[in-house]
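Below is one structure, written out as structure tokens; comments come after it.
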Ligand code: T4K
């Protein structure tokens, strides 16, 4: 699943990317910025739609993009969806799950909402403090006769402990459906993120490493499951005069697919540029007391989707919130992905107890994701680091 698997004809050299942003030395720096294809290339890609007038319902662009993504990801069976969230809901439905699903509270609202909206009960395991992914050691104790699946989340551009999770799932006969919203292009020892578990959901939202404006991908193993996903994403229609499932509408349209076809051509360069940004941050911030960086895991090739730090207020001399607010005043927009913890959401706090997952609770209070996008300039990385370090009161 290396980026080289895209035809060399379609890979654009990183040097052709524009540096950001405005000339102003103090121009606002967003937490991320959508990668855009070359305008003329996009117009060429969508021009045939004026002729065909085939705009959605598995048109040519969607089918082409699916084929290219399967090659890129090293998978055989996938279906493009309207967004990542609906890919996850469709997958949960396709597996006919019941009862309880073990998952992480340290994630975006989507993961838990998808479980709850599918009529399932989320059960929250704690996370590991080194990479913020679900802790396999805390999964096992939560398994009951009602457990039907595990929904781990590969966050920020790293991977869960896929081997330990699979071993537990196999022993207990549980399905593993990954929320791989952040993991497009991530691989471990040459194996793509979407190959792990029984299924994976990817997000192609405008803020992601690879975007189709809005979009997602449901990756499964086997043709019959793929057929079911495709039926479920199209109102459960199973034939010309037959409806076999209670499905919704989760199809990608042709304009989004065209955006994906264009963005895939420049993805390799985008990830290289992100890697340079990541390296520059590490250069400036490694070893700063009170700032903890996400460790790079041996064998895992990241897509550098996010650059999370945690701020220990005692050692740094300022809280995460003080850093966040102080940077915002200076035009540097960071995000508290993921705060509040899911179990502290107004809609969930009366049902779940966030003190049961203390590592996740602490991460939610201390994490801050710094600006990260392919054309973030080195000048701005230095500006962000200067402003961040100026916030500390302990030397
Ligand atoms: N699971 C996980 C673990 C996820 O993180 C997500 C989504 C999902 C599932 C669900 O996947 P999708 O259904 O979304 O495909 C954003 C995204 O909306 C969301 O996709 C993402 N995770 C989440 C982590 O972040 P916001 O509300 O924080 O984004 P917003 O609109 O504030 O944008 C942030 C910055 O991005 C802006 O300040 C500028 C830039 N931006 C934003 C948009 C919308 C652009 O450059 N272009 C744009 O079009 O949620």
Checklist line | 14 Å cut-off, amide nitrogen to a point 7 angstrom out along residue 295 Cα→Cβ, residues in region 122-139 | finding: 128-133
Margin query: Taking every alpha carbon pair in region 323-395, what does the distance histogram look like in 10 angstrom bins from 0, in percent?
Written below: 18, 37, 27, 16, 2
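The chain: D in µm²/s via Stokes-Einstein (Kirkwood Rh, Cα pairs, 10 °C, 1.306 mPa s)?
Working: Rh = 21.7 Å.
My calculation gives 73 µm²/s for D.
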Note to self: For the pair residue 224/residue 76, report the inter-label distance in nm, with labels modelled 7 Å from Cα in the Cβ direction.
What the structure shows: 1.4
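Sort 192-199, 67-74, 53-60 for me by packing, meaning the mean count of neighbouring Cβ atoms within 10 Å per residue, highest on top.
The peptides rank, most packed first, as 192-199, 67-74, 53-60.
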Checklist line | Length released on extending from residue 390 to residue 336, taking residue separation times 0.36 nm less the Cα-Cα span | finding: 17.5 nm
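Per the helix-only calculation at 222 nm, which mean residue ellipticity applies to the chain, given -39500 (n - 2.57) for every DSSP H run of n ≥ 4 and division by its residues, nearest 500 deg cm²/dmol? Walk me through the numbers before you get to the answer.
Values: 12 runs with 141 residues, N = 395.
Here the helix-only value at 222 nm equals -11000 deg cm²/dmol.
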Next item on the list: Consider just the alpha-carbon atoms of region 155-312 and return their Rg together with their Dmax, both in angstrom.
Entry: 18.6, 66
Checklist line | Whole-angstrom gap from region 207-242 to region 29-92, using each part's C-alpha centre | finding: 12
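Could you compute the FRET efficiency for residue 191 and residue 329, with r as their C-beta to C-beta distance and R0 at 56 Å, rounded to 0.05?
Values: r = 44 Å, r/R0 = 0.78.
The pair residue 191/residue 329 has a calculated efficiency of 0.80.
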Check: Which order do peptides 134-143, 369-378, 242-251 fall in by mean Cβ count within 10 Å, highest first?
Finding: 369-378, 134-143, 242-251
Note to self: Suppose we keep just the DSSP beta bridges with both residues in region 27-156; what percent of those would be antiparallel, to 5?
What the structure shows: 10
Item checked: Gained length - residue 163 relative to residue 57, 0.36 nm times residue gap less alpha-carbon distance -> 34.5 nm
Item checked: Approximate spin-label separation residue 118-residue 67, in nm, with each point projected 7 Å along Cα-to-Cβ -> 3.0
Check: Just the C-alpha atoms of region 246-395: what Rg/Rh do they give, with Rh taken as the Kirkwood radius?
Finding: 1.04
Next item on the list: Report the equivalent ellipsoid semi-axes for region 80-173 in whole Å, largest first, defined as the square roots of five times the eigenvalues of the gyration tensor built from alpha carbon atoms.
Entry: 19, 17, 12
Next item on the list: List the equivalent ellipsoid semi-axes of region 209-259 in whole Å, largest first, each obtained as the square root of 5λ for an eigenvalue λ of the Cα gyration tensor.
Entry: 23, 14, 8
Item checked: Spin-label model distance (nm) - residue 344 vs residue 321, 7 Å beyond Cα toward Cβ -> 0.9
Checklist line | Per-q log10 I(q)/I(0), region 280-320, q = 0.17, 0.29 Å⁻¹ (Debye; single scatterer per alpha-carbon; no solvent) | finding: -0.51, -1.06
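Read-outs throughout are calculated quantities, based only on the coordinates presented, and are distinct from any laboratory measurement. Source: prediction; values computed, not measured. Methodologically, a virtual Cβ is constructed for each residue, glycine included, from the backbone with ideal geometry; neighbour enumeration extends over all protein chains shown.
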